Amino acid sequence: GGVVLGETSGLKEKGGISALRALLQESLDEAARADQRYLEVWELVSGGGGSGGGAGGSGSSGGFLPPRWDLSSLARKRPPSSVILQEGLMEDLINDVGRFITDEDWHISHNVPHRRGYLLHGPPGNGKSSVVAAVASHFSLPLAIVPLSRLGESSVSVGEVLSSAPPCSVLVLEDIDAAFSHGVLRRNLRPADSGVSGDDEGGCVIGGSRSNSNSNNSSTGVASGANAARASAAGVGGAAASLSELLNALDGVGAQAGRLVFMTTNALGELDDALVRPGRCDRVLELNNADASMASRLFASFFHEVQDQELVADLAPRFGAAVGGCQTTRGGKQQQGLHGTFLRDDIGGGGGDVKKSKEFSMATLQGLLVRTRGNPQSAFDAALRGDFENRR
């Protein structure tokens with residue numbers, strides 16, 4: 001028989017207390033196991049400020065609404081080894097993030113703000129979002145997604161919005177270039193805005209001891225000034241956030257300590273130099289289209305369960321050479337390149353010069369491999385034909 005909650009006298013007589021404790025422990029254990037398997041993904045659903053209403057607001061008139069984050073999903077964790085990049089790039093990134101997490105004391109002793117920013121750029125379809133998810137998964141840190149449109153809606157400072165993120169989360173600003181092209185951020189950068197990084201102010205230290213991640217740093221006076229400017233801008237119909245606010249939020253006096261920020265863009269050249277400089281973007285990493293090594297490793301990973309592994313081992317490097325930038329001359333010599341993609345007669349077993357030249361994103365190659373899953377020969381033949389289309 002089951003335990004009926006509320007019948008406390010019966011619980012003691014039937015050993016129900018022990019059963020309830022066991023059930024509770026089992027639930028806690030399952031939650032702990034789930035925590036190891038899944039990644040928390042939080043999303044900013046309301047920039048805060050204003051009065052009443054708003055996303056998730058109480059509807060109270062004239063009240064201040066703080067920025068609100070919702071747990072939007074629990075995503076299955078993604079190991080870094082599952083994201084195929086240029087040789088050594090993922091390992092370098094994981095080591096860099098790990099060093100940042102454990103080096104709080106070093107930053108303090110050297111008077112260096114304990115913050116780290118990364119900018120991932122390159123053609124679309126090469127894993128920028130996957131890289132961020134893999135880093136967060138590896139270190140078991142929640143992701144905090146900042147929809148750029150929310151920055152334009154908020155009547156509080158960008159710094160307050162970012163500082164209100166869930167504790168010890170990795171902040172993610174995707175397609176940061178779109179914030180300018182869509183009018184979410186104003187390019188009203190003043191000379192002072194390229195300024196000097198301030199001291200650490202509050203905030204969660206990832207891997208460290210402080211956990212005041214919700215501090216708005218209002219004592220600095222930065223927030224109140226930004227709010228006034230924002231209200232003025234909103235009143236004249238402009239975008240409610242400015243580039244200078246974003247810059248100050250990333251590394252100004254009131255910027256949060258222990259913060260990891262990832263920004264992504266497909267258009268590096270459209271970003272303001274002040275945004276990309278060290279202190280705001282400490283590492284700028286380019287994720288290119290597939291080279292021969294990337295394509296070969298992707299092929300092998302898709303067919304690791306195929307029984308004929310000798311065939312897979314034979315086709316993988318030939319697939320990489322066909323689509324990933326290894327050019328073969330008529331004399332039989334190979335010249336490895338990072339970018340050019342060459343479809344050739346000689347890869348199929350004949351002999352000849354370059355037949356066709358094109359670059360492919362990893363997403364394009366993955367689409368082909370998903371469509372031909374379980375059949376490595378079919379995938380290789382499709383690559384030789386240049387059959388990468390996902391629609392007819």
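The values are calculated or read from the model by the stated rules, or taken from the named source; none is laboratory data. Predicted, not measured: the structure shown is a model, and the values here were computed from it. Neighbour counts are summed over all protein chains in view; Cβ atoms, including those assigned to glycine, are modelled from backbone coordinates with ideal geometry. Please note that ligands, DNA and RNA were not included when accessible areas were found on the heavy atoms of the full protein model with its side chains. Shrake-Rupley method; radii C 1.70, N 1.55, O 1.52, S 1.80 Å.
None of H114, H138, H121 is crowded, with 22+ Cβ neighbours inside 10 Å and under 17 Å from the mean Cα position of the chain (by Cα) except H121.
Please state which one of R344, R373, R318, R385 is modelled with pLDDT under 65 and either closer than 25 Å to S81 by Cα or among the basic types (K, R) (or both).
R344
Within the stretch 318-329, at least one residue is open to solvent by 20 Å² or more (accessible area, probe 1.4 Å) and either among the basic types (K, R) or in a strand (DSSP E or B) (or both).
What do you reckon, is A178 in contact with a Leu (Cβ under 7 Å, 6 or more places away or on another chain), surrounded by fewer than 21 Cβ atoms within 10 Å (Cβ to Cβ) and at pLDDT 50 or above?
Yes.
Counting the residues of the stretch 290-315 that are modelled with pLDDT under 95, open to solvent by 40 Å² or more (accessible area, probe 1.4 Å) and under 30 Å from the mean Cα position of the chain (by Cα) gives 2. When we screen E13, E87, E40 for residues that are open to solvent by 80 Å² or more (accessible area, probe 1.4 Å), at pLDDT 70 or above and out of contact with any His (no Cβ under 8 Å at 6 or more places or on another chain), the only hit is E87. Out of curiosity, is N126 open to solvent by 60 Å² or more (accessible area, probe 1.4 Å) and either under 20 Å from the mean Cα position of the chain (by Cα) or closer than 25 Å to L151 by Cα (or both)? Against the criterion (open to solvent by 60 Å² or more (accessible area, probe 1.4 Å) and either under 20 Å from the mean Cα position of the chain (by Cα) or closer than 25 Å to L151 by Cα (or both)), N126 does not qualify.
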